[in-house]
Structures are given as structure tokens and as C-alpha cells.
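Structure, as C-alpha cells:
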Amino acid sequence: MRDSSCWKFCGRRKRFGVANGTAVGIAPYAHLAIYRVCGLDCAEGDVLDAMDAAVHDGVDMLSLSLGWPSIPFYEDVIAVGTFGAM
């Protein structure tokens with residue numbers, strides 16, 4: 001799937017012998033809202049506050065990269081907090 005990860009950055013490249021031209025991605029009119037929440041230390045409440053701020057700002061989709069160890073969903077404050085937003 002490496003080829004699909006370059007979207008806008010591929011320019012005029014040919015993929016698998018087809019699709020000449022410039023790739024623009026699947027959401028060409030999307031706007032990115034990037035929030036830096038955590039430094040060296042990060043509490044779960046900080047992440048939930050940032051998620052609330054993003055929703056308040058009109059963000060429709062969130063992608064989190066936290067790097068925390070896996071725990072059961074019923075113990076995961078982030079999972080429980082986001083479940084209510086669905």
C-alpha cells in the first residue's frame with residue numbers, strides 16, 4: 001500500500017501503468033487541524049480535553065497516535081470517552 005500513501009506528493013508519476021497526472025487524494029477540499037497535546041508527559045485528561053477542543057472547532061475526524069501500552073477497552077479512559085461521541 002506504499003503507493004497510496006503519497007496522494008498529493010506524487011506529482012506526475014505513473015502508478016501501475018495507469019493514472020497519469022497529479023494525484024490529489026480522496027478528500028481534495030479537506031482541511032487539516034493539527035493539535036499537539038502531549039510533551040514528555042501526558043495525562044489521559046489532557047487528551048480528552050484536546051479532543052473536546054477539536055470537536056468544538058468543527059473537526060469531523062480524529063486520528064490519535066499516543067504510543068501507550070494496550071489495555072482492555074473497559075479500562076481505557078480514551079476509549080470510554082470517545083465512545084460517547086459516536
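Please treat every number below as a calculation from the coordinates, not as lab data. These figures come from a predicted structure and were not determined experimentally. A quick note on method: Cβ atoms are made from the backbone with ideal geometry, for glycine too, and the neighbour counts reach across all protein chains shown.
Listed values, structure above:
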item: Phi-based couplings in Hz for segment 60-70 (Karplus 6.51, -1.76, 1.60; Gly and Pro marked x); result: 9, 9, 10, 10, 10, 10, 9, x, 7, x, 6
item: Nitroxide proxy distance, nm - points 7 Å out along Cα→Cβ at ASP57 and SER70; result: 3.1
